[in-house]
Amino acid sequence: MRFFLICSLALPLAAQDTTGVGGLLGSVTNSQGQPAPQVKVCVVDSTRCTTSDDRGLFRFPDLRAGDYQLDITAAGQAAIRSSVVSVRAGLEGKVEVVLPALGTVQQSLTVTESVFVAPEEIKSSSYVIQSEELFKAAGSRQDVSRYVQLLPGVALGANDFRNDIIVRGGSPLENLFIVDNIEIPNINAFANFASAGGTTSILDAQLIRDVTFLTGGQPAPFINRASSVLQVAQVEGARDKFRGRITVGDPGIGGIIEGPINKGKGSWILSARRSYLDLFTKDIGIGGVPILYTYNAKVLYDLSPRDRVWGVSISGSDDIRLGLRQDTKRDAKFAEEELNNLDIRYGGWRTANGFNWQRTYGARGVGLLGISHSEARVDQTVRDLIRNGIPPATVNVDELIARSPTVFREKSREGETTIKYDFTGYVPGLEKLQAGGSFKMFRVNYNAASPFGSESPYSRVRDVNPFDVRQDFSARQSSAYVQSTKNLTKRLNLTWGGRIDNYQFISRTRFSPRAGLSYRITDKLSWRASFGTYFQQPQFLFLAAFPQNRNLTPFQSQHYVTGFTYIPNATLRFTVEAYQKDYKDYPVSTQFPTLSLASVGDTFQVRDILFPLTSAGRGRARGVEFFAEKKWGSRWFGNANLSLSRSRQAGLDGVQRPSTYDFPVIFNSVGGYRLNKKWEFSARTTVTSGRPYTPFDTPLSTQQRRGIFDLTQINTLRVPAYVRIDVRVDRTFTFRDKPLLVFLGAQNVINRTNLSGYQWARQANRPIGNEQIGLFPIIGLNWIF
């Protein structure tokens, strides 16, 4: 008898990796394609065995991440052992075993892996990034957020200096970050409490195993976010011996060390990095140099065959000074740079730490208990050097700064403690059952003031909405979910469930239904659809800024997604998806009828986005996405996508206008080629429609020497199309018998002048285009010792 085993294994796409384990779902058929019952399947070197049922199906629902072999025994025949099958946390491996006619014998089983088969509860809009793609892709700068900007429906934020994620027309405030089962409010450096982006990630790309990115229709286990989920799984440390590496790159210079615990029963890994530009200069053209320290660590230990624990720590500390200096060049462009009118001092710190305990219950399922705490602090001041008039060119800058008024100051903290439990089991009638809940405690201390208010471009009056927020409070949020995934037929699979969330601070409770269907048309082609309602509480800073903002309610986003997936082989995938997102109860300005919070969020200028709000905004985003992907094989990888979309948001006046994040056409491509063991190349291309903008009312702006919008033309114009090409070359050497990787690259090699919008240059008293990064060199190395 000859056995053929085809195993399709997906990278981690399971719902929130809720239990930290993987699994195998298999079917056994005879040579005529009929189900083969009573075939025994065992995991080698364990007591885990099961038998195929009347439909020929078998399941191992809770395999811990690792490498396994299977013994397969048909009635009256000797067991045949498979080759190695890799199982990863959050993975649902799908196994097909074919038993041909008697008379042919093969003593080994063939295992074929696919990285594209999503777990059954994920129906649509799911993408996985492998560590090698993230680390070596041109233009990603070893930043996970910058890489996912290449995926379907994702657009760049306000400018190239930030790494905000704009998903299907939604605000960057609508994204959820999860790292090794720890929810983190913001994974980026140089960030504020009113945004979810920054300049660079505090995660070390070389500690990332893979990344799951869900852009719509995510299932019930995820805590509510209106647009997307970015889930990061970090590597384990080495279990055999001590290892280390030295790294130099865009995020900084640093090192990684790792090693075993108790003869391989566990492991640890630690990364530390520091930016290095300040070692060479005090000013990179912005009045200062960013200084960043990051620390990432993970410890894992197997207490028993059923119990595993791990801890994770992620921290970042950043500091920067921006603005006018005594040695700033007073050239022709001096009056056009708004930074020359300001003195900005920023210091930030953020950390997230968590502990997880995973316990398997045999055939009954697996549970995961998680306890985590995140904390962030921001200390910043902004002085306006020309508020009292334009100073003479000969002024002493230090004296000018000392006497200039402070227009914004902040010294605030936010803390979040989470306890959660997730269980996955298999129940007759419901089949795969997932259930869990969480309790969050927030501790917030705000000390922020804008004594003169904001010179909002929406207002014809200067200095609107001054505030002085001094609040110290706590808040709670509790949630629970349940979800079932089952086969309705051999080809049709249903996921259904929902979650309930209570937002104590604003006294609201919301129920969010979720559902999805997948139908296997052929072994390579499938149709998928999903629906979900998502609620999100506005950030605490918005709620605390003005008394009336406490009356805000969670805003709502409903997702409708459908599409087809075609997988011709193990490393190639094609998808096409159509989606619609309907927004309701979005916070909008009570003073400026055209302004919605849905069109802000990717900015450093906190005082300009704090204003009285009410929950009256509505919006809609819809589009079609085409995606082709080739995963790393022996030579190359790549993906390309085209997104056609439309995003509209309404303020208090109810008029649907193009949102700030409306990009009708987005094209992205990235690829890499391995010439040989020493040389690799990669390139990236991004082309998008121009970002919408509102022109200035020139006479009024000139009169008041500040930018004031023409409110009859909100987002009616667009900047020119954004075009960027990045390249990178890798060369591997051998140094002291260890591999040394050196890479050189450049962002925007065509040196195109891309604009993100326009600002009013107060000294020049005219509008100026906001130019993005031109030709920018990148260099780095990685040496493993």
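The values are calculated or read from the model by the stated rules, or taken from the named source; none is laboratory data. Everything quoted here is computed from the prediction, not taken from an experiment. Every residue, glycine as well, gets a Cβ built from its backbone with ideal geometry; the counts of neighbours run over all protein chains shown. The accessibility values were calculated without ligands, DNA or RNA, using every heavy atom of the protein model including side chains. Shrake-Rupley method; radii C 1.70, N 1.55, O 1.52, S 1.80 Å.
Observations on the model:
- Model label zone, Val235; criterion: amide N under 13 Å from point 7 Å along Cα-to-beta-carbon; scope segment 297-328: 298
- Counting only aspartates and glutamates at least 8 places from Lys581 when in the same chain, those with an alpha carbon closer than 18 Å to its own are Glu174, Glu625, Asp662.
- In this rough spin-label picture, where each label sits 7 Å from Cα along the Cβ direction, the Gln34-Val395 distance is 9.2 nm.
- Here's how it looks for Ala616: its modeled amide H is under 5 Å from those of Tyr586, Val588, which are all 5 or more places away or on a different chain.
- Per-residue ellipticity at 222 nm from helix content only, as computed over the chain with -39500 (n - 2.57) for each DSSP H run of at least four residues, stands at -1000 deg cm²/dmol.
- Å³ per residue enclosed by the Cα convex hull of the chain: 152 Å³
- Cα pair count fraction exceeding 25 Å, expressed as % - segment 146-295: 39 percent
- Trypsin sites (Lys or Arg not before Pro) lying in DSSP loop within segment 473-535, provided at most 14 other Cβ fall within 10 Å: Lys490, Arg491, Lys524
- Taking 0.36 nm per residue of separation and subtracting the Cα-Cα distance, full extension of the segment from Gln703 to Phe511 would add 64.0 nm.
- Local net charge near Phe511, Cβ-Cβ under 13 Å (Lys/Arg +1, Asp/Glu -1): +3
- The mean accessible area for residues of the chain, using a 1.4 Å probe and ignoring ligands and nucleic acids, is 39 Å² per residue.
- Applied to segment 543-551, the Karplus parametrisation 6.51 cos²θ - 1.76 cosθ + 1.60 on θ = phi - 60° returns per-residue 3J(HN,Hα) values of 5, 8, 5, 9, x, 5, 5, 5, 8 Hz, with x for Gly and Pro.
- From phi via Karplus (6.51, -1.76, 1.60), per-residue ³J(HN,Hα) for segment 265-275 in Hz, x at Gly/Pro: 6, x, 7, 9, 8, 9, 10, 9, 9, 9, 5
- Net +/- balance of residues flanking Gly266 in space, Cβ distance below 11 Å, scoring K and R +1, D and E -1: +3
- Cα gyration tensor, segment 212-298 - rounded (a/c under 1.5), prolate or oblate: oblate
- Label zone (Ile257, point 7 Å along Cα-to-C-beta; backbone nitrogen cut-off 15 Å) within segment 267-281: 268-273.
- Rel. contact order, % - alpha carbon contacts under 8 angstrom, at least six apart, segment 274-405: 21 percent
- Cross-link pairs Lys282/Lys329; Lys40/Lys486; Lys432/Lys524; Lys123/Lys631; Lys123/Lys432; Lys432/Lys486 - those with Cα-Cα distance over 18 Å: Lys40/Lys486; Lys432/Lys524; Lys123/Lys631
- Residues Val742 and Ser313, FRET efficiency given R0 of 30 Å [Cβ-Cβ distance, rounded to 0.05]: 0.50
- Distances between placed amide hydrogens fall under 5 Å for Gly707 paired with Trp760, all partners being 5 or more residues away or on another chain.
- Surface composition of the chain: carbon and sulfur make up 57 percent of the accessible area, probe 1.4 Å.
- A simple packing score, the average count of other Cβ atoms within 10 Å per residue, orders the peptides 553-561, 387-395, 369-377 as 553-561, 369-377, 387-395, with the highest score first.
- Across every pair of non-identical alpha carbons in segment 475-519, the mean reciprocal distance, once inverted, gives a Kirkwood radius of 12.1 Å.
- Straight-distance candidates among the aspartates and glutamates for linking to Lys678, with alpha-carbon spacing under 14 Å and chain neighbours fewer than 8 residues away dropped: Asp730.
- Using a probe of 1.4 Å on the protein chains alone, the accessible area found for Lys411 is around 130 Å².
- log10 of Debye I(q)/I(0), alpha-carbon scatterers only, for segment 430-549 at 0.10, 0.12, 0.15 Å⁻¹: -0.56, -0.68, -0.82
- Take 34-47, 447-460 and order them by the average number of nearby Cβ atoms within 10 Å per residue, most first; the result is 447-460, 34-47.
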